[in-house]
Amino acid sequence: MEKEKIYCILSEKLKLKKIYVNGDNSNFNIIAIDDIFKKLDDIEKQKIIYKPLFKYILKKKIHSISIESYSIKEWKKKINLNINK
């Protein structure tokens, strides 16, 4: 599966503010940013990302996913911390 396909699936199903997908073959890194992640624990955040991708995981088109998910406020804080390093 191509990273562009994963991006399209997540964009269509979740309507997130921002999505970054990197990786190749069947191993991907996903960064998802939106306020739907506000006040959710890490497991609940991951469930949101896994849900539209689950059938591709079952079909072995996706082998592994690394997920980082942030509210908009959390993302801005992370970016500022990285810039100030």
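Can Lys17 be described as among the charged types (D, E, K, R), surrounded by 12 or more Cβ atoms within 10 Å (Cβ to Cβ) and modelled with pLDDT under 95? Talk me through it step by step, then tell me what you get.
Numbers: among the charged types (D, E, K, R): yes; surrounded by 12 or more Cβ atoms within 10 Å (Cβ to Cβ): yes; modelled with pLDDT under 95: no.
So Lys17 fails the test.
Quick one: which of Lys61, Lys73, Lys39 is at pLDDT below 95, surrounded by 14 or more Cβ atoms within 10 Å (Cβ to Cβ) and outside any strand (DSSP E or B)?
Numbers: Lys73 fails: surrounded by 14 or more Cβ atoms within 10 Å (Cβ to Cβ); Lys39 fails: surrounded by 14 or more Cβ atoms within 10 Å (Cβ to Cβ).
The unique qualifying residue is Lys61.
Picking from Lys47, Lys85, which residue would you name as being of a type in the set (Lys, Arg), on the phi < 0 side of the Ramachandran plot and modelled with pLDDT of 95 or more?
Values: Lys85 fails: modelled with pLDDT of 95 or more.
Unique residue meeting the criteria: Lys47.
Given the condition in contact with a helix residue (DSSP H, G or I) (Cβ under 7 Å, 6 or more places away or on another chain), assigned to a loop (DSSP other than H, G, I, E, B) and without any contact (Cβ under 8 Å) to a residue 40 or more places away in the chain, answer yes or no: does some residue in region 4-26 qualify?
yes
Please work out if Lys45 is assigned to a helix (DSSP H, G or I) and out of contact with any strand residue (DSSP E or B) (no Cβ under 8 Å at 6 or more places or on another chain).
On the way: assigned to a helix (DSSP H, G or I): yes; out of contact with any strand residue (DSSP E or B) (no Cβ under 8 Å at 6 or more places or on another chain): no.
In short, no.
For region 22-36, name all the residues that are buried (at least 17 other Cβ atoms within 10 Å of the Cβ) and either aromatic (Phe, Trp, Tyr) or over 23 Å from Lys73 (Cβ atoms) (or both).
Of everything in region 22-36, those that are buried (at least 17 other Cβ atoms within 10 Å of the Cβ) and either aromatic (Phe, Trp, Tyr) or over 23 Å from Lys73 (Cβ atoms) (or both) turn out to be Gly23, Phe28.
The values are calculated or read from the model by the stated rules, or taken from the named source; none is laboratory data. Quantities reported herein were computed from a predicted structural model and do not represent experimental measurements. Positions of Cβ are backbone-derived with ideal geometry, glycine not excepted, and every protein chain shown enters the neighbour counts.
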